[in-house]
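First comes the structure, then the notes that go with it.
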Amino acid sequence: MSCFESSKFLKNPQVMNQVVLQKACDELGWKYEIRNNELIVLNANQKENLRGEYLLKVKGDTVTYNSYYMKNAKEFVSELQGVFYKLNVCYAKETILKEFEGVGFTFKRDYDFVATEEQVEQFFMVGISRIENEDEKRVEIKFTILNDGTVVTDSNYIPEDIHKLADEAMQKIDGAFGSQRREGFEIIRKEVPEKYLTKSYCTVNNKIKAKH
């Protein structure tokens, strides 16, 4: 996580955190079982009868999809794509909440947000700096979740102590998504306003720059 940054998390469909996946399935009302440390999704409210087969299973953090149904009729694959998109959106939100709340951030709704076909969720994670002489202690990092589960973040000025906590959470989200954001591709730096040039902020190489 950096000050004045926009970044994008693209989920690897072969990676899921079991703890977060359980919460996502509970939220969606999906039926699953845990057998021999594998989480097996048996029903995702899809129209098609799976005839007792699993939809997906996760061992460790590695996902296996039911290959028979994945290569079946186009209509069914299209339906399952819609099902998995719902899962990815829910999984994305649960992942963000788990990792940011885990380092002390709190959730804030975006009451002005109106969902669209592409952007389905938007909210803020709020952190409070404990640096005594910091004059902008409150930080809001915006998260937008797209309809396929892609997460877009947006940040402005972040004090050093909050920056370190956000870094920790973002690295764990990368792990849960199986992603690796790249500078200049998924990570885009914004122009730093002049008033912040003499305050601590992240440089391009993601290092803290001390106040002058």
(request) Being part of a loop (DSSP other than H, G, I, E, B) and among the aliphatic types (A, V, I, L, M) is the filter; apply it to region 182-204 and report the residue that is farthest from the chain's Cα centre (by Cα). (result) 197
(request) Taking the options 63, 41, name whichever one is in contact with a Pro (Cβ under 7 Å, 6 or more places away or on another chain) and farther than 28 Å from residue 125 by Cα. (result) 63
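Kindly indicate whether any position in region 144-159 is of a type in the set (D, E, K, R), touching a helix residue (DSSP H, G or I) at 6+ places or on another chain (Cβ under 6 Å) and at negative phi. Reasoning before the result, please.
Taking region 144-159 first, the residues of a type in the set (D, E, K, R) are 148, 154.
From what is left, the residues that are touching a helix residue (DSSP H, G or I) at 6+ places or on another chain (Cβ under 6 Å) are 148.
Of the ones still in play, those that are also at negative phi are 148.
Yes, the conditions are met somewhere in region 144-159.
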(request) State all residues of region 1-33 that are more than 14 Å from the chain's Cα centre (by Cα), in a strand (DSSP E or B) and either of a type outside the set (D, E, K, R) or at positive phi (or both); if no residue qualifies, say none. (result) 32
(message) I'd like the full set of residues that are free of Cβ contacts under 8 Å to residues at least 60 places away in the same chain and either among the basic types (Lys, Arg) or out of contact with any Ser or Thr (no Cβ under 8 Å at 6 or more places or on another chain) (or both), limited to region 145-166.
(response) 145, 146, 164
(message) Out of everything in region 36-67 that is more than 24 Å from residue 175 (Cβ to Cβ) and out of contact with any helix residue (DSSP H, G or I) (no Cβ under 8 Å at 6 or more places or on another chain), what residue ends up being surrounded by the most Cβ atoms within 10 Å (Cβ to Cβ)?
(response) 54
(request) Within region 3-47, track down each residue that is free of Cβ contacts under 8 Å to residues at least 60 places away in the same chain, touching a Cys at 6+ places or on another chain (Cβ under 9 Å) and aromatic (Phe, Trp, Tyr). (result) 32
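Take the residues of region 34-51 that are among the hydrophobic types (A, V, I, L, M, F, W, C) and in a loop (DSSP other than H, G, I, E, B): which is nearest to the chain's Cα centre (by Cα)? Give the steps one after another, and end with the answer.
Looking only at region 34-51, we keep the residues that are among the hydrophobic types (A, V, I, L, M, F, W, C), and these are 34, 39-42, 44, 50.
Among the residues that remain, those that are also in a loop (DSSP other than H, G, I, E, B) are: 44, 50.
Details: 44: 21, 50: 29 Å.
Result: 44.
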(request) Filter region 127-181 down to the residues that are part of a loop (DSSP other than H, G, I, E, B) and among the acidic types (Asp, Glu), then identify the one that is nearest to the chain's Cα centre (by Cα). (result) 148
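Here's a check for you: in region 177-187, which residue that is closer than 17 Å to residue 166 by Cβ and out of contact with any Asp or Glu (no Cβ under 7 Å at 6 or more places or on another chain) is modelled with the highest pLDDT? Working first, answer last.
Narrowing region 177-187 to residues closer than 17 Å to residue 166 by Cβ: 177, 179, 181, 183, 186-187.
With the extra rule that they be out of contact with any Asp or Glu (no Cβ under 7 Å at 6 or more places or on another chain), the set shrinks to 177, 179, 183, 186.
Details: 177: 96, 179: 90, 183: 82, 186: 88.
Within region 177-187, the match that is modelled with the highest pLDDT is 177.
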(message) Going through 115, 92 one at a time, which residue ends up being part of a loop (DSSP other than H, G, I, E, B), under 22 Å from residue 177 (Cβ atoms) and either at pLDDT 95 or above or among the charged types (D, E, K, R) (or both)?
(response) 115
(request) Quickly run through region 167-202 and pick out the residues that are in contact (Cβ under 8 Å) with a residue 40 or more places away in the chain and among the hydroxyl-bearing types (Ser, Thr, Tyr). (result) 179, 196, 200, 201
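The values are calculated or read from the model by the stated rules, or taken from the named source; none is laboratory data. None of the values given here were measured: they were computed from a predicted structure. Please note: Cβ atoms are built from the backbone with ideal geometry, for glycine as well, and neighbour counts cover all protein chains shown.
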